[in-house]
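Taking it in order: structure first as structure tokens, then the write-up.
The values are calculated or read from the model by the stated rules, or taken from the named source; none is laboratory data. Quick caveat: nothing in here was measured; it's all calculated off a predicted structure. So basically every Cβ, Gly included, is an ideal-geometry build from the backbone, and we count neighbours across all protein chains shown.
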Amino acid sequence: MLTTVPIQTPAGESLTDITAQVRAAVQATGVAAGLCAVIVPHTTAAITLNSALDAATATDIIADLRRLVPTRVDFQHQYDTPADAAGHIKAALIGHSVLLVIEGGDLLIGGSQSILFYEFDGPRERRVQVKVIAE
């Protein structure tokens, strides 16, 4: 069972909590136990599991990833823009999927964990694919 979740991202880099949308997609399948793969089909976006309880968490993650991979003009690949090239590298570091356990018809994640969509080159109309596999 595959569900596509649309996401509208703001300008620049951002982390968007999509936990509720993914949970809804899982619950709509009626699967009580199994796996949920969350996949990002974009080269300048990523997905991660982290805390969304404090907005400063997203601020810190974005700031440190910018520090590790700054936008610069000496990238070898610059088909679109230097920001696009930096986004490719950041997405490769963060990753394009997470695999979660479904138990009791819900995602088995910690109380402070959220599914965060990471945009590196917004604003964009994005999508996330949610694949539910029954046990």
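Miscellaneous remarks
- Selection status of T71, in contact with a Pro (Cβ under 6 Å, 6 or more places away or on another chain) and either without any contact (Cβ under 8 Å) to a residue 40 or more places away in the chain or assigned to a helix (DSSP H, G or I) (or both): yes
- Breaking point among (1) buried (at least 21 other Cβ atoms within 10 Å of the Cβ); (2) part of a helix (DSSP H, G or I), for E119: (2)
- Each residue in the stretch 1-34 was checked for being under 19 Å from L99 (Cβ atoms), crowded, with 16+ Cβ neighbours inside 10 Å and of a type in the set (A, V, I, L, M, F, W, C), and 6 pass.
- Sole residue being in contact with a Gly (Cβ under 8 Å, 6 or more places away or on another chain) and at pLDDT below 95, chosen from G87, G122: G122
- Any hit, the stretch 14-29, residues being modelled with pLDDT under 95 and polar (S, T, N, Q): no
- Test: residue in the stretch 2-18 that is closer than 18 Å to L107 by Cβ and without any contact (Cβ under 8 Å) to a residue 40 or more places away in the chain: no
- The condition of being under 22 Å from R126 (Cβ atoms) and without any contact (Cβ under 8 Å) to a residue 12 or more places away in the chain holds for only one of A24, A91, that being A24.
- Which listed residue is of a type outside the set (G, A, S), touching a Ser or Thr at 6+ places or on another chain (Cβ under 9 Å) and part of a loop (DSSP other than H, G, I, E, B), from L49, L53, L15: L53
- Condition met for V98 (surrounded by 15 or more Cβ atoms within 10 Å (Cβ to Cβ), in contact with a Gly (Cβ under 8 Å, 6 or more places away or on another chain) and not in a loop (DSSP other than H, G, I, E, B)): no
- Being modelled with pLDDT of 95 or more and in contact with a Phe, Trp or Tyr (Cβ under 9 Å, 6 or more places away or on another chain) holds for only one residue in I39, I47, and it is I47.
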